[in-house]
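> Below you will find the structure I want to go over with you.
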Amino acid sequence: MTTENTSHNLKHTVAKGFLWGGMSNAICQVLSLFFGIFLARILTPADYGPIGMLAIFSAIAGSLQDSGFVVAIANRKKVGHEDYNAVFWFNILISLFMYGVLYLCAPFIAEFFDEPVLVKLSRYNFLGFVVAAFGIAPSAYLFRELKVKQKSIALMLSIAISGVVGIAMALNGYSYWGIATQSIVYVLVRTVACWYFTPWRPSFKVNFSPLKYLFAFSYRLLITNVFQRFNWNIFSFILGKFYKADVGNYTKAAEWFNMGGEVVNGMVNAVSQPVLAKVVEDNERQLRVFRKMLRFTVFIAFPLMLGMSLVSEELITVVIGEKWLESAKMLKILAVWGALMPIQSMQTNLLVSRGKSRIFMYGTIVQGIITLSILLAMSLFGIKLMLVAYCVFNTLWLFVWNYFVKREINLTYTMFVGDILPYLTLAVTVISITGFLTSFFGNIYVLLLSKIAIAAVLYILIAYIFHSKELFEIADFLFKRNKQS
């Protein structure tokens, strides 16, 4: 196969993965939104508090369970049955061990937060990552083979079925027990679906020797993931200790933030790392691929997340009620960082694809330590200033990540800012104009719909006028697929 054909096939794979992943993630977020609306109308912020306090423990346990093997397998040139089999059985054993440790720690967790109910609730909730252990090997297979469609179907099924279970339990008065059950069912369905789409099957003849190579690559990713999950869940941990009444509102704000962010971030993580790994031996080509994906990412992320910030209060009030208005104010701040967060995913995926997991690890550790220090210092001034400080610091840290990316593929700061700034300017301009034009509307329903419609039309129209390549490529892909159909 010629280099030109290889390049064309990779370009098609990237486009297909990005667009299919993006559309499927959008569908998943719509499903999550649908079920989340029902649950939020039935439950109260106080019902979400106990689960929010446990989030950081589940997140760290999940990182230890995965151990970075999914990414390690994606980066290995040749992968066989023994590799998947070793990962499968190792994850089963480590998850059972971790569950035993957390089971014994449940009374101490409850005492730390001064919430006795957390003893039984945590022991039940933590069963989820035991179930998840059975799905890591098949998930690694689908990730390596760029089976974005299959992974997306598994995700949609898990959201739909677990959502029905969660609503049924909430209607019957199970409150946070229903939320915990929903998360367990979600993991169970997703695991079963991944097995359905994966031809590989485990065997009882276990050889753990492949773990030596995989762990040599992944142990830094393991430490990194622990700190990443810690960073993402640090708010609920600190609030649970100092601002207990705000945990439920923050948990709901983070849920909506994640729904919007996953449309883009899920798309980026599903495609960028394995694709960048395929062109790692050609620096110039990897630079072109990276910049292309970066522009496509910000083209979607900026209007989506800044738009969410624009409509947060109207959206939350209309959809789940005024009792969640405090979470809407938190979402307004979080969504600004959500517009930039996929850029960090792109940068760190590039470093991992080039085997720089050590840089990824130390960068994340330092980022996490500074974040924790800032949040503890700002905790005296309330949650909103904590959120602002969190977003500002993480935005500035993008330039730290770019320093290391520049060393690898010579992505200068001029290139980096040049790829981002046009769409950031466009999005901010559109949001500002939309905010001004709708400031005279009084009816909250008219205000919400007007903001969404005006912002969407303006963004597409201005992008069209300035001949945005990303806009035309998306249109070409969609219309071409329709014609073929």
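The values are calculated or read from the model by the stated rules, or taken from the named source; none is laboratory data. In this text, all values refer to a predicted model and were calculated from it rather than measured experimentally. Using ideal geometry, Cβ is built from the backbone for each residue, glycine included, and neighbour counts are taken over all protein chains shown.
> Name every residue in the stretch 393-418 that is surrounded by fewer than 13 Cβ atoms within 10 Å (Cβ to Cβ) and farther than 16 Å from Leu350 by Cβ, in order of residue number.
Of everything in the stretch 393-418, those that are surrounded by fewer than 13 Cβ atoms within 10 Å (Cβ to Cβ) and farther than 16 Å from Leu350 by Cβ turn out to be Leu396, Thr414, Gly418.
> Checking Phe466 against (1) free of Cβ contacts under 8 Å to residues at least 60 places away in the same chain; (2) farther than 27 Å from Thr251 by Cβ; (3) buried (at least 16 other Cβ atoms within 10 Å of the Cβ): exactly one of these is not met. Which one?
Every listed condition holds for Phe466 apart from (3).
> Additional query: Before we move on, is Gly418 more than 21 Å from Glu313 (Cα to Cα), out of contact with any Phe, Trp or Tyr (no Cβ under 9 Å at 6 or more places or on another chain) and among the small types (Gly, Ala, Ser)?
It is true that Gly418 is more than 21 Å from Glu313 (Cα to Cα), out of contact with any Phe, Trp or Tyr (no Cβ under 9 Å at 6 or more places or on another chain) and among the small types (Gly, Ala, Ser).
> While we're on this one: Six or more apart or on different chains, Cβ under 6 Å: which pairs go from a residue in the stretch 292-310 that's assigned by TED's automatic domain parsing to the domain that holds Lys329 and touching a residue at least 12 places away in the same chain (Cβ under 8 Å) to one that's β-branched (Val, Ile, Thr) and surrounded by fewer than 23 Cβ atoms within 10 Å (Cβ to Cβ)? Could you list them?
What qualifies is Val298/Ile420; Leu306/Ile431; Ser309/Val336; Leu310/Ile431.
> Taking the stretch 169-197 on its own, how many of its residues are among the polar types (S, T, N, Q) and within 20 Å of Phe129 (Cα to Cα)?
The qualifying residues number 4.
> Continuing with this model, one more query. I'd like to check something: does the stretch 255-275 contain any residue that is of a type in the set (D, E, K, R), assigned to a helix (DSSP H, G or I) and at pLDDT below 90?
Checked against the condition, which is being of a type in the set (D, E, K, R), assigned to a helix (DSSP H, G or I) and at pLDDT below 90, the stretch 255-275 yields at least one hit.
> Restricted to the stretch 312-348, and to residues that are touching a Ser or Thr at 6+ places or on another chain (Cβ under 9 Å) and β-branched (Val, Ile, Thr), which residue is nearest to Met386 (Cα to Cα)?
Ile333
> Within the stretch 54-69, is even one residue surrounded by 19 or more Cβ atoms within 10 Å (Cβ to Cβ) and modelled with pLDDT of 80 or more?
There is at least one residue in the stretch 54-69 that is surrounded by 19 or more Cβ atoms within 10 Å (Cβ to Cβ) and modelled with pLDDT of 80 or more.
> Out of the residues in the stretch 165-186 meeting the condition of being under 17 Å from Phe126 (Cα atoms) and of a type in the set (A, V, I, L, M, F, W, C), tell me which one is farthest from the chain's Cα centre (by Cα).
Among residues in the stretch 165-186 that are under 17 Å from Phe126 (Cα atoms) and of a type in the set (A, V, I, L, M, F, W, C), the one farthest from the chain's Cα centre (by Cα) is Trp177.
> Is it the case that the stretch 240-254 has a residue that's within 14 Å of the chain's Cα centre (by Cα), modelled with pLDDT of 75 or more, part of a helix (DSSP H, G or I) and not assigned by TED's automatic domain parsing to the domain that holds Ser58?
We begin by selecting, within the stretch 240-254, every residue within 14 Å of the chain's Cα centre (by Cα); these are 254.
Among the residues that remain, those that are also modelled with pLDDT of 75 or more are: 254.
Subsequent filtering for residues that are part of a helix (DSSP H, G or I) retains 254.
Those left that are additionally not assigned by TED's automatic domain parsing to the domain that holds Ser58: 254.
For the stretch 240-254, residues within 14 Å of the chain's Cα centre (by Cα), modelled with pLDDT of 75 or more, part of a helix (DSSP H, G or I) and not assigned by TED's automatic domain parsing to the domain that holds Ser58: present.
> In addition: In the stretch 315-340, what residues are among the small types (Gly, Ala, Ser) and crowded, with 18+ Cβ neighbours inside 10 Å?
Ser327, Ala328, Ala335, Gly338, Ala339
> Looking for whichever is buried (at least 17 other Cβ atoms within 10 Å of the Cβ) and closer than 28 Å to Tyr176 by Cα here; the options are Leu104, Leu118, Leu96. Which one fits?
After applying the criteria, what remains is Leu118.
> Also, quick follow-up: Return the only residue of Ile109, Ile94 being part of a helix (DSSP H, G or I), at pLDDT 75 or above, among the hydrophobic types (A, V, I, L, M, F, W, C) and within 30 Å of Ser209 (Cα to Cα).
Residue meeting the stated conditions: Ile94.
> Also, I was wondering about something else. Within the stretch 433-463, how many residues are free of Cβ contacts under 8 Å to residues at least 40 places away in the same chain, surrounded by 12 or more Cβ atoms within 10 Å (Cβ to Cβ) and among the polar types (S, T, N, Q)?
Result for the stretch 433-463: 2.
> Next question. Taking into account only those residues within the stretch 112-125 that are within 15 Å of Ile184 (Cβ to Cβ) and not small (Gly, Ala, Ser), which is modelled with the lowest pLDDT?
If we take residues in the stretch 112-125 being within 15 Å of Ile184 (Cβ to Cβ) and not small (Gly, Ala, Ser), then Asn125 is modelled with the lowest pLDDT.
> Kindly indicate whether Tyr390 is touching a residue at least 24 places away in the same chain (Cβ under 8 Å) and surrounded by fewer than 22 Cβ atoms within 10 Å (Cβ to Cβ). Don't jump to the end; show me each part of the working.
Values: touching a residue at least 24 places away in the same chain (Cβ under 8 Å): yes; surrounded by fewer than 22 Cβ atoms within 10 Å (Cβ to Cβ): yes.
Yes; evaluated as a whole, the condition is true for this residue.
> Has the stretch 196-211 got any residue that is farther than 25 Å from Val405 by Cβ, part of a helix (DSSP H, G or I), at pLDDT 85 or above and in contact with a helix residue (DSSP H, G or I) (Cβ under 7 Å, 6 or more places away or on another chain)?
Yes, the conditions are met somewhere in the stretch 196-211.
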